[in-house]
């Protein structure tokens, strides 16, 4: 049985962005945040993780969110096989 890479994609996986003293939902994770969890741009896009190449910042909240997502993704993948 072939498993789709987008299976189990959560639409609530969005980064936090600080802009003008306010916090809002971002359009995608920055490249630095992806590097922090050892993901390439292509791997992130294949997994359905939103990426915003314009962003330069790196927030620890977003790195932790990505780590959580990858852990649950790996657990789901292990339970399928």
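The values are calculated or read from the model by the stated rules, or taken from the named source; none is laboratory data. If you're wondering where the values come from, they're calculated on a predicted model, not measured in any experiment. Glycine also receives a Cβ, built like all others from the backbone with ideal geometry; neighbour counts cover every protein chain displayed.
Details
- Selection within region 70-79 - surrounded by 18 or more Cβ atoms within 10 Å (Cβ to Cβ) and within 12 Å of residue 13 (Cα to Cα): none
- Answer residue from region 30-61, given it is more than 17 Å from residue 14 (Cβ to Cβ) and assigned to a loop (DSSP other than H, G, I, E, B) and is farthest from the chain's Cα centre (by Cα) among those: 56
- Exactly one residue out of 36, 44 is in contact with a strand residue (DSSP E or B) (Cβ under 7 Å, 6 or more places away or on another chain), modelled with pLDDT of 90 or more and either within 17 Å of residue 17 (Cα to Cα) or surrounded by 12 or more Cβ atoms within 10 Å (Cβ to Cβ) (or both), and it is 44.
- In region 1-24, the residues that are at pLDDT 90 or above and either touching a helix residue (DSSP H, G or I) at 6+ places or on another chain (Cβ under 6 Å) or under 15 Å from residue 69 (Cα atoms) (or both): 15, 16
- Residue 27 meets all of the listed conditions (1) in contact with a strand residue (DSSP E or B) (Cβ under 7 Å, 6 or more places away or on another chain); (2) at pLDDT 90 or above but one, namely (1).
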